[in-house]
Amino acid sequence: MTNPQEAFIRPATPADVPAIWDMIVELAVYELEPDAVAATAADIDRALFATHPSAFAIIAESEGHPVGFALWFPSFSTWEGRCGMWLEDLYVRPSHRKTGLGRALLSHLANICVEQGLTRMEWWVLNWNHLAKDFYDRIGAEPMDEWTRRRLDVEGITHLAGIGPERG
């Protein structure tokens, strides 16, 4: 177990990419989608550390080892005319859960929002993940139940663009 006071939260570095990728795979397994990770460590490295990164990450470290991470990217609200933060993944390894690290990661992100003038922080939580939902309720995160998520995958995008095969 990790005491959150003993953990250190810091920006991710290129040296963290293998651990981030491992935790992405662990998260996919936890979310019952073990075969869903198509990203490679090289993809994560490019996204986080390109000249113009498309995403950003922080690491929760304990005793010199990454034990959690949060990965986010900018969002934009046309109603507010301001940027926000979309939290794509928040993950703490099982051996370090219920120690305050999840809250510490979110608190660190909240400070980034304040420093950068971001007006909202949003994310998804699986309906069956009651532990996470209870945690988010405790920190004051509002459920956005009136919205339904929609997605086009690559096949749907290419079809809509008029360059893919007909969909059934």
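The values are calculated or read from the model by the stated rules, or taken from the named source; none is laboratory data. Small disclaimer: the values here were computed from a predicted structure and weren't measured. Please note: Cβ atoms are built from the backbone with ideal geometry, for glycine as well, and neighbour counts cover all protein chains shown. Accessible surface is based on the protein model in full, side chains and every heavy atom, while ligands, DNA and RNA are left aside. Shrake-Rupley method; radii C 1.70, N 1.55, O 1.52, S 1.80 Å.
Within the stretch 48-61, the set of residues being more than 26 Å from Pro94 (Cα to Cα) and assigned to a helix (DSSP H, G or I) comprises just one member, Phe49. The condition (being farther than 17 Å from Arg97 by Cα and open to solvent by 30 Å² or more (accessible area, probe 1.4 Å)) is satisfied by just one residue among Ala39, Ala12, Ala47: Ala39.
Out of all the residues in the stretch 107-122, is one or more touching a residue at least 60 places away in the same chain (Cβ under 8 Å) and within 15 Å of Ala70 (Cα to Cα)? Spell out how you get there, then give the answer.
Looking only at the stretch 107-122, we keep the residues that are touching a residue at least 60 places away in the same chain (Cβ under 8 Å), and these are 108.
With within 15 Å of Ala70 (Cα to Cα) added as a condition, the list becomes 108.
Among the residues of the stretch 107-122, at least one is touching a residue at least 60 places away in the same chain (Cβ under 8 Å) and within 15 Å of Ala70 (Cα to Cα), which makes the answer yes.
In the set Gly102, Gly68, only one residue is closer than 26 Å to Arg138 by Cβ, surrounded by 18 or more Cβ atoms within 10 Å (Cβ to Cβ) and out of contact with any Lys or Arg (no Cβ under 7 Å at 6 or more places or on another chain); that residue is Gly102.
In the stretch 122-157, of all residues being of a type in the set (Val, Ile, Thr) and at pLDDT 90 or above, the one that is farthest from the chain's Cα centre (by Cα) corresponds to Ile139.
Taking the conditions exactly as written (closer than 17 Å to Gly140 by Cα, out of contact with any strand residue (DSSP E or B) (no Cβ under 8 Å at 6 or more places or on another chain) and not aromatic (Phe, Trp, Tyr)), does Asn111 satisfy them or not? It is true that Asn111 is closer than 17 Å to Gly140 by Cα, out of contact with any strand residue (DSSP E or B) (no Cβ under 8 Å at 6 or more places or on another chain) and not aromatic (Phe, Trp, Tyr). Does the stretch 21-36 hold any residues that are part of a helix (DSSP H, G or I), in contact with a helix residue (DSSP H, G or I) (Cβ under 6 Å, 6 or more places away or on another chain) and either surrounded by fewer than 14 Cβ atoms within 10 Å (Cβ to Cβ) or in contact (Cβ under 8 Å) with a residue 24 or more places away in the chain (or both), and which are they? Within the stretch 21-36, none qualify.
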